[in-house]
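S.K.: Got a structure here, written out as structure tokens. Questions coming.
The values are calculated or read from the model by the stated rules, or taken from the named source; none is laboratory data. Keep in mind it's a predicted model, so treat the numbers as computed, not measured. Every residue, glycine among them, receives a Cβ derived from its backbone with ideal geometry; neighbour counts consider all protein chains shown. The accessibility values were calculated without ligands, DNA or RNA, using every heavy atom of the protein model including side chains. Shrake-Rupley method; radii C 1.70, N 1.55, O 1.52, S 1.80 Å.
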Amino acid sequence: MNRRNFVRNSAVGLAGLTILPNGMLFAKDKAVVKLGYIGVGLRGRNHINEGLLRDDVEIVAICDIRESSLKLCREQFVKAKKKLPKEFTGGPDAYKKLLELKDLDAVIISTPWEFHRDQAVDSMKAKKHVGCEVIAGLTVQDHWDIVNISEATGMQYMTLENVCYRRDVMAMLNMVRQGLFGELVHLEGGYQHDLREVLFNDGKHFYGHGVEFGPDKSIGEAQWRTQYNIDVDGDLYPTHGLGPLMNYADINRGNRLTNLVSFSSKARGLADYVNKQSPGHANSKINYKNGDITTTMINCANGETLTITHDTHLPRPYSI
């Protein structure tokens with residue numbers, strides 16, 4: 001396949017994708033999809049930015065328990081010269097009031113991981129389609145609950161795995177589906193991203209300052225995500241690597257994952273980072289349970305093998 005045909009075919013595929021959000025999937029009004037956003041922290045506000053750019057999206061409601069996040073979100077609407085949405089706040093269950101809105105087609109969920117399952121299930125029961133940040137849930141049963149409720153209600157659930165839609169990743173998918181690599185035998189991917197400045201900060205700056213974490217001493221993901229690395233050992237964020245590989249290997253399109261084995265290295269990176277930033281700090285003495293590098297090998301029903309890597313505690317360049 002020459003370069004001209006590849007570019008042309010890629011453009012056709014991407015053009016098809018751009019049709020889908022244009023009110024054709026589930027909008028009651030044929031021209032506009034009406035969205036609510038549960039969680040408007042840093043990640044949620046990124047989604048708000050994208051929604052504000054579109055003429056076929058109306059953001060009718062937002063929900064967050066922090067006034068600081070709501071304030072920053074309001075500023076986005078003012079800057080975009082768009083109508084301010086309805087706000088819901090006051091506690092972890094505030095999103096349930098948002099779900100009572102009748103003029104709402106779907107919700108975007110961008111909250112900490114432990115809330116995803118309940119918020120997604122409640123949204124689908126309220127007849128709202130769901131786009132939810134990864135991960136879908138904390139247990140296998142959480143994931144089955146989401147599948148079962150989606151099927152029972154007829155509401156669509158989409159995992160917002162953004163890496164699957166990167167231009168380079170989609171270009172590779174186009175080449176795979178056109179047979180450029182022949183029959184696939186083994187695939188490798190991962191989430192290799194230095195997150196140390198995400199997991200710690202000073203409560204004032206999102207990145208690059210301080211070595212604190214937790215809801216009272218930090219902001220952003222450091223408020224909640226760091227604790228998982230203290231309590232859990234494993235691949236905490238598999239879909240950046242696994243999502244594209246599943247598409248390439250036709251998982252759930254005639255193929256499936258059958259079994260896996262996973263190993264973690266010792267944990268040194270986070271404590272070392274804290275100690276170098278603030279020698280002797282108490283957070284450098286924590287026993288971080290999650291190994292610095294987790295490697296998982298997976299078998300597929302059609303005979304392929306996959307290897308995915310989770311590597312977020314060490315000073316290395318970003319790579320999937």
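S.K.: Just give me the residues in the range 60-116 being of a type in the set (Asp, Glu) and either closer than 21 Å to Leu138 by Cβ or under 21 Å from the mean Cα position of the chain (by Cα) (or both), in sequence order.
M.R.: Scanning the range 60-116 gives Asp64, Asp93, Asp105, Glu114.
S.K.: Next question. Working only within the range 209-226, note down all residues that are part of a loop (DSSP other than H, G, I, E, B) and either of a type in the set (Asp, Glu) or over 17 Å from Asn275 (Cβ atoms) (or both).
M.R.: Within the range 209-226, Gly214, Pro215, Asp216, Lys217, Ser218, Ile219, Trp224 meet the criteria.
S.K.: Another question, then. Got a sec? Which of Asp105, Asp142 is of a type outside the set (Ser, Thr, Tyr) and open to solvent by 20 Å² or more (accessible area, probe 1.4 Å)?
M.R.: One residue alone meets the criteria, Asp142.
S.K.: Take the range 268-302 and flag every residue that is part of a loop (DSSP other than H, G, I, E, B) and either at pLDDT below 95 or open to solvent by 60 Å² or more (accessible area, probe 1.4 Å) (or both).
M.R.: Across the range 268-302, the qualifying residues are Arg268, Pro279, Lys285, Asn287, Lys289, Asn302.
S.K.: Of the conditions (1) assigned to a loop (DSSP other than H, G, I, E, B); (2) surrounded by 19 or more Cβ atoms within 10 Å (Cβ to Cβ), Phe206 clears all except one; give me its number.
M.R.: Condition (2) is where Phe206 drops out.
S.K.: If you scan the range 275-320, which residues turn out to be free of Cβ contacts under 8 Å to residues at least 60 places away in the same chain and of a type in the set (S, T, N, Q)?
M.R.: Correct list: Asn275, Asn287, Thr295, Asn299, Asn302.
S.K.: Filter the range 60-72 down to the residues that are within 15 Å of Ser110 (Cα to Cα) and without any contact (Cβ under 8 Å) to a residue 40 or more places away in the chain, then identify the one that is surrounded by the fewest Cβ atoms within 10 Å (Cβ to Cβ).
M.R.: Arg66
S.K.: Mind counting the residues in the range 130-158 that are farther than 10 Å from Ala120 by Cα and out of contact with any His (no Cβ under 9 Å at 6 or more places or on another chain)?
M.R.: Residues meeting the conditions: 11.
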